[in-house]
Every structure is written in structure tokens, then in C-alpha cells.
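Have a look at the structure below before the remarks.
Bear in mind these aren't lab numbers, they're just calculated from the coordinates by the rules spelled out. This structure is a prediction, so every number in the text was calculated from the model and none was measured. Neighbour counts run over all protein chains shown; Cβ positions are idealised from the backbone, glycine included.
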Amino acid sequence: MLDSVDLTKKIDDKKEYEKRLKKQQLILLGLQRALMDEKIGCILVFEGWDAAGKGGAIKRTTQNIDPRGFEVHSTAAPTLEQKQYHYLQRFWNRMPKYGKLGIFDRSWYGRVLVERVEGFADESEWRRAYGEINDFERILTGENFIVLKFWFHISKEEQLNRFNDRQNDPMKSWKLTEEDWRNREKWDLYKEAVDEMIQETDKENAPWHIIEGEDKRHARVKTLEIINRTILTEMEKRNIDVKHYFKK
């Protein structure tokens, strides 16, 4: 699956990028107001390779919308307290209110990615998780939530370039950890896990979108375009007219 992704897509012209980015940000601002008024929740899941551009895309997604209407959750390893519960419990508690955006920088998919590859979950547990996650997301979309999932994809060579850039830049070196290097050594195992994850959990109600991340400009614009197009489609399904949310 990932082998077929075209990583050559790019936006070369900076002015074109800025114009397209601003346009999509303004559309999202209008759609955010529509979500608030109609009490429709929206959940955005950002997954991807280390240094693939998730953080930059989240920043551009939220840059010009109402900060009262969204919350970003950065997911780390579960605490000792969280390990006493089902792995989805800590995410249930972070679901946004109706009308809000909940943005997850890594998510419950850790169960079938890092926990699978690193052996924190045995095979029976991570295989069972596919059905649990599908049920979880089906409940959300059945309760007036929109669920969108993104995988940010780059090549192994591009990741190495970005790791080296971070390592050599004192303003960015904090982003690079020993864990990032260890994960890179298991690239093929993670790639197998990603392919299976998408195959098992790409559903009509909660689809995966693969973002070609070699060019950060392309990745950021495409992410916003997908978010806006999906929200507009969901509004149409509900017979909600959103034209008045946009200034002419």
C-alpha cells in the first residue's frame, strides 16, 4: 500500500502555496462556525512517520481558527494509572464536545503500531484491537461526530535527511530523541504494521487519507483540503446550508 504512494507531489511556488493555504484556512474558519452552531463534533487523527510533518500540518490547520473551538492532544506512552484501564479509556475522556474539533497528534492507533512492533501488546491483543477501534469510531460517527484520519508518509531517505537537519540545528534538536532512531531501525516492521492498520480500519465512516509528505507545502494544503471537503460533504448529508458562513 505505502509502496504505491507518489512522493513526488509538490508545490514549488511559494506564493501559490501561501494563496492556497490561506484560502483553505478561511474555509475551515467558516466551517468551524457551522460545526459549532450545528453541534457537530469533528475528530482529526494525525499519524505518520517520525519527522513526517504532522506537527507542521496541525499548526497550519489550527493557525487561523477560533482557539475556543478546538483542542490538540499529543499522545505519549500511557501512564501507570492509565495502564490500569482498557487502552481506549484515556481517549474516550478526550473526545471533544459537540461542536468542537478534537485533534490527536498520535492516537489510539498506537495499539496496532508501536505496541505491536515493540511487543507491548501480544498478537491476540493487537489483532483484536482492529475490531475494537472500528467499533469505537462507528459509535462516534453514529453520534454526530466526523472522524478523519491521516497518515503522513515520507521515504526512509527523507526521514534520515530530516533527522540530520534536526540534530544539527540547536533550535530543532529537542525534537529528535533516541527513540526516534530506534524506531527507524525497525522501519520495515512499522511499514508492515501501517499497511495492515490501513487495510483493517479504513472504513467509509472513518476513512484513512495518505498524505504525501516529502514536500511540506503540498502536505499542509492537501490536509486542509481534505478536512474542508469532508466537512462540507457531511453538512450536505445533513441538509445544512453553510453558504452564509463565508464572506464574499
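If the condition is being surrounded by 17 or more Cβ atoms within 10 Å (Cβ to Cβ) and in a loop (DSSP other than H, G, I, E, B), then the range 6-30 contributes only Ile11. Close contacts from the range 1-14, counting a first residue that is among the charged types (D, E, K, R) and a second that is surrounded by 10 or more Cβ atoms within 10 Å (Cβ to Cβ) and part of a loop (DSSP other than H, G, I, E, B), with Cβ to Cβ under 9 Å and a gap of 6+ residues or different chains, come to Lys9/Glu214; Lys9/Asp215; Lys10/Glu214; Lys10/Asp215; Asp12/Asp215. Counted as qualifying within the range 59-163 are the helices (runs of 4 or more DSSP H) with 3 or more residues that are hydrophobic (A, V, I, L, M, F, W, C) and buried (at least 19 other Cβ atoms within 10 Å of the Cβ), namely 123-142. Out of all the residues in the range 157-189, which are aromatic (Phe, Trp, Tyr) and touching a Lys or Arg at 6+ places or on another chain (Cβ under 9 Å)? Those that are aromatic (Phe, Trp, Tyr) and touching a Lys or Arg at 6+ places or on another chain (Cβ under 9 Å): Phe163, Trp174, Trp187. Pairing residues of the range 208-236 that are at positive phi and part of a helix (DSSP H, G or I) with residues that are surrounded by 18 or more Cβ atoms within 10 Å (Cβ to Cβ) and of a type outside the set (Asp, Glu), at Cβ distances under 8 Å and at least 6 apart in sequence or on separate chains, gives no pairs at all. Within the range 176-200, the set of residues being touching a residue at least 12 places away in the same chain (Cβ under 8 Å) and under 25 Å from Leu148 (Cβ atoms) comprises Asn183, Tyr190, Lys191, Ala193, Val194, Asp195, Glu196, Met197, Ile198, Gln199, Glu200.
Residues that are of a type in the set (Val, Ile, Thr), more than 16 Å from the chain's Cα centre (by Cα) and under 18 Å from Ile231 (Cα atoms) within the range 63-117 comprise just one, Ile65.
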